[in-house]
Amino acid sequence: MYQFAQPEILNLLYLIPVLLFLFWVSLKLAKKAQNQFADKELLQKLMPDHSSFRKHLKFYLMILATAFLIFGTSGFQVGSKMEEVNQEGVELIIALDISNSMMAEDILPNRMDRAKQAISRLLDELQYDRFGLIVFAGEAYTQLPITTDYAAAKMMLQTVDTRIAPIQGTAIGSALELAAKSFTQNEAKNRAIIIITDGENHEDDAIKAAREAKEKGIVVHTIGMGLPKGAPIPAGTGKGNYRTNLKGEVVISKLDETSLIQIAQEGGGSYIRATNTSTGLKELFNEINKLEKQELESKIFAEYEDQFQLLIGLAALLYLLEFMLLERKNKYLRKIKLF
């Protein structure tokens, strides 16, 4: 495990693509000027020691050294001691709908991206709670087993997309059943499921699954992604290109609030409709946070050792190599022809 003592310094990494772009522009301008002066064969005779390879190598050494320097000055640290701690928290599993209808754009930028943004912001606020992620379309899958590793959760969240669903549909009941099995085995009333979907369930009995989850002491909440009037489902990247049915009519995906309200009621939870200003996820978590919390045992790094010296040393070595490397060819090595 690693961390940065001053992570704000990492923002300087944005300078690297800028430097790469400027270097590319300078090469283009230099090549244009050379072509106006003379052709390639004449330039080789006029500048026999010129080496474009060395010029590129010097620049990339400088870029790499700068990256190491930024990482070093940001206070790179590596975990050196791990200990078990007991902390109080709740267990939360989010079941996210990844069917094609979640690409509808009645919630901007679209239902899927808005839900992922809300989940990411929620992860920033979690402290000692356990979090799991399930995705579902025609079937449900565990995307992330329940954990306290929020960094891993964010990484897994980035991979979520409608294209990872092998079977289309909206099996809310299957997602609830899988989520109920994914909690740690305990009887404490500190477990909750949040279903994020447009509610168009076509596969199974979600209301029954919510009722069974409640009997196990698990609270089920629902968030409706979309608007009642609905929106067409994009098909591909072209603007105005939407999915159609067998008759060639544009398919309109509408939010099914009735089903989501019933699921929440049977699961002992709440229903919130997402809007273009709020998804309601934070409000639901505040409600979940009021549940009786249990003591969760977990392992965390208690001590970190500074390792920035190594990175700064590598940066200094690369800067030295860049300084010593000449742009022109070595007059002795130039005479050697391997081919």
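Every number in this text was worked out from the coordinates using simple rules, so none of it is lab data. Worth saying up front: this structure is predicted, and the values here are computed from it rather than measured. Note that we place each Cβ from the backbone using ideal geometry, even for glycine, and neighbour counts take in every protein chain shown.
For the cross-link pairs 214/254; 154/282; 116/290; 116/216; 181/282; 116/282, which exceed 19 Å when the distance is taken from alpha carbon to alpha carbon?
Pairs exceeding the cut-off: 214/254; 116/290; 116/216; 181/282.
Hey, what did the stretch 91-292 get for relative contact order, percent, Cα under 8 Å, at least 6 apart?
Numbers: 440 pairs, mean separation 47.2, N = 202.
Computed value for the stretch 91-292: 23 percent relative contact order.
Which residues in the stretch 159-185 place their backbone N less than 12 Å from a point set 7 Å from the Cα of residue 216 along the Cα-to-Cβ direction?
174-185
How big is the gap, in Å, between the Cα center of the stretch 51-68 and the Cα center of the stretch 100-174?
Cα centres, the stretch 51-68 to the stretch 100-174: 40 Å.
Based on the mean of other Cβ atoms within 10 Å per residue, sort peptides 127-133, 22-28, 148-154, 88-94 so the most packed one is first.
Peptide ranking by packing, descending: 88-94, 127-133, 148-154, 22-28.
At a Förster distance of 35 Å, what's the computed FRET efficiency of residue 205 paired with residue 117, Cβ-Cβ distance as r, to 0.05?
On the way: r = 31 Å, r/R0 = 0.88.
It comes to 0.70.
If you take the beta carbon distance between residue 124 and residue 14 as r and set R0 to 22 Å, what does 1/(1 + (r/R0)^6) give as a FRET efficiency, to the nearest 0.05?
It comes to 0.60.
Residue 247 versus residue 30, label points 7 Å from Cα toward the beta carbon: distance in nm?
About 6.6 nm, to one decimal.
For residue 239 and residue 163 in the same chain, what is the full-extension length gain: residue separation times 0.36 nm, less their Cα-Cα distance, in nm?
Using 0.36 nm per residue and subtracting the Cα-Cα distance, I get 25.5 nm.
Pulled fully out, how much extra length does the chain show between residue 309 and residue 139, if you take 0.36 nm times their separation in residues and subtract their Cα-Cα distance? Walk me through the numbers before you get to the answer.
On the way: separation 170, 0.36 × 170 = 61.20 nm, distance 4.97 nm.
So the extension gain works out to 56.2 nm.
When ranked by the protection proxy of mean other Cβ atoms within 10 Å per residue, highest first, what sequence do the peptides 13-21, 267-275, 250-258 form?
Working: 13-21: 11.4, 267-275: 20.4, 250-258: 16.9.
Taking the mean over residues of other Cβ atoms within 10 Å, the ranking is 267-275, 250-258, 13-21.
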